[in-house]
1. Keeping all protein chains in place, calculate the accessible area per residue for the chain (probe 1.4 angstrom), answer in Å².
2. Leaving out same-chain residues fewer than 8 places away, which lysines sit with a Cα under 19 Å from that of Lys602?
3. Report, in whole Å, the centroid distance computed from the Cα atoms of region 133-161 and region 24-88.
4. Mind giving me the FRET efficiency for Glu421 and Leu370? R0 is 51 Å, r the Cβ-Cβ distance, nearest 0.05 is fine.
5. Test of understanding: what is the full-extension gain from Lys215 to Tyr30, defined as 0.36 nm times their sequence separation minus their Cα-Cα distance?
6. Just to check I understand the Karplus step: with θ = phi - 60° and J = 6.51 cos²θ - 1.76 cosθ + 1.60, what whole-Hz values come out for region 577-583, glycine and proline as x?
7. Going by average Cβ neighbours within 10 Å, how do the peptides 245-253, 449-457 rank, with the highest at the top?
8. Along the principal axes of its C-alpha atoms, what lengths does region 173-303 span, in descending order and rounded to whole Å?
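The values are calculated or read from the model by the stated rules, or taken from the named source; none is laboratory data. Since the structure is predicted, the reported quantities are computational estimates derived from the model, not experimental observations. No Cβ is skipped: glycine too gets one built from the backbone with ideal geometry, and neighbour counts run over all protein chains shown. To get the accessible areas, we keep the full protein, side chains included, count just its heavy atoms, and leave off ligands, DNA and RNA. Shrake-Rupley method; radii C 1.70, N 1.55, O 1.52, S 1.80 Å.
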Amino acid sequence: MSVKKVFAIISFLLISFVQKAQIDSLDIIYKMTLPDTSKFLRLANIVLSEDAPFELKREWSVKLMDLATKSNNPRLMVNAYFLSGAVYFQFSRYDAAMPYYYKSLALSEEIGHLQAQSNVYNNLGIIASNQNNSKRAIYYFRKCYDIGVKLNRKRLQFSAANNLAVDYINMDNSVLALHFLGISENIAKEINMNDFLPSLMGNKMECYLKVKDYKKAYEQLQKMYEYIKLDTINDHRQSSNYFTAHYYTSVGEYAKGAKLYEENLKLISPEDFQELRRNYNGLHTCYQNLKDYKGAYAALQSYQAYDDSLTNSEKIRLNSEQENKYASMKTEKELEIAKLSNANNTLKLKRNKITIILGLVIICLTIVGLGFVYKLFRDKKNANTILEKQNTEINQQKKEILDSINYSKRIQDGILPSHEELVEKAGEHFVYYQSKDIVSGDFYWATKRENGKFIMACCDSTGHGVPGAFMSLLGYSLLTKSEEGDNTRTPADILNYVNEEMPKVFKNETRGEQIKDGMDVSICEIDRANLNLKVSGANNSIYHITDDVLHVIKAQKHAVSAMVDNDGFMFANKEVKLKKGDMIVMFTDGFADQFGGPKGKKFKYKQLEDILLANWQKPLIEQRQILSDAFNNWKGQLEQIDDVCIIGIRI
């Protein structure tokens, strides 16, 4: 968790390509004759890094805002807004920090400054997380992560992935938390950020504590100690104390936990409200279970004080918004009443001009007629207002649902291997992937092994759309977990592992029900060096094309299932010798089952095999286009009935 605070302080420095000047006096630099950009960046570095009181930092942030305004430089204005927000942020004054962050974000989006956007998204995510709004925090950290990927900034990806994992832990989503922690750990090892590994191991420990896997939680705690021993630069006492105390508290050793929490509270900076809050919360739990009610009450009071400091400002902001909306509505009502009053006065003047000749009868009839027309107009206007309001609400609900599903697609697309990853892992290949709905139940997975071999899987989860996407995320996670546990498993071993683990996720035993959902999977291990293919399939067969002949490597008639009772079924491997230039084709049933053509019938596997065999020697990009054209021409104006995934690999 401490990675958030560290990154929030250093993120602003990444905007600059100028090294930090070691100057003691802010006034000296401010009076120096320097270009505006150089002067601003030197002063900003000192303001953010110096251990100075809030008022001094705030004073200099105002001066730097003035300097940026006079320079008429949009990038300096972006940085000035961010700096002002960061000063409030450092002292946990989030309500004052957020307006500056939003100004920085708006201007950085206008000028296309992605790095600045990522800095703002990161700090907004930290604020949301500290205020217990993990759902909103995940939204911001995901934007930060996407920018890191786009800019290929490993440190940015590392920080965002770690922060995503922390908030997924808070939301009890251990599968996605472990996924992003794995990303962070890989990046940390890749770019030698070993000083952050202890914190990552601590977060992994929290994941396993959430699911009550105390054995794995203890293993992660021991790994944390090992990484701390290897790091000779940073002092990890604070995080080590917290994670160890958290572990002891979770396993019921409250005296040990309380001792570590007490020691930790002496190390934490007074401005670090979030760390103080969570340590007092843990201490309260320990004292309460030790029946030290006086100590528990004192710890609870301290926790609530820091909790209020982090959340009350948000409540004030929301109340202010409601007051503004109310004031605006009130003003509109007053204007409407004034208009009606003016209309009535005008009507009275017109009535006075009516001649006596028309008589009282005509006047009465006119008044009755006007009243009737006005009533019809008012009723119609009210009805239209109600309809417009209902239509607006329906459209808003539809938009929110579609936004949520579209964001889910971004998550699913982000998890699937990219083209570059597949080139690195599987070599020359093509993927034809077309979902029925926004998100898909079909997915593919690949991993490269140290001996030069690689594993490729093509999977069809039960259902499509949102239910299928949930199953695909579970399947992808279990396939990845199987490789993390043992990267020597054969295709059949991997299928057996997933078939064994999937029922555990659904916890059918405690619910007294049998969940029949699962996946059809084809999975192969290709050894290009020795020209050998090892295959196992769960209802998904594989094609091997060689010497102008298409061979069907048939799958076993058994799905990977979430059912607890699998009758002891075990998947087996099949081995095939390969030749240079051969094609391996993996697929789901969506292509062959599609209705279309002149008579609205299924495409069928025979027609698919004929297309593959007729074009197997052509370039892979051309083969993919041929398949796409064939599918869309066959489907025509009919609805796509299922997700489609076809993978071709050239040997």
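1. On the way: 34250 Å² over 651 residues.
Normalised by residue count, the accessible surface of the chain is 53 Å².
2. Lys436, Lys635
3. Going from one Cα centre to the other spans 26 Å.
4. Numbers: r = 75 Å, r/R0 = 1.46.
Once rounded, the FRET efficiency stands at 0.10.
5. Length gained between Lys215 and Tyr30: 60.9 nm.
6. 7, 10, 10, 4, x, 4, 10
7. Values: 245-253: 18.9, 449-457: 17.0.
Order by mean packing, descending: 245-253, 449-457.
8. Ordered largest first, region 173-303 gives principal extents of 48, 31, 23 Å.
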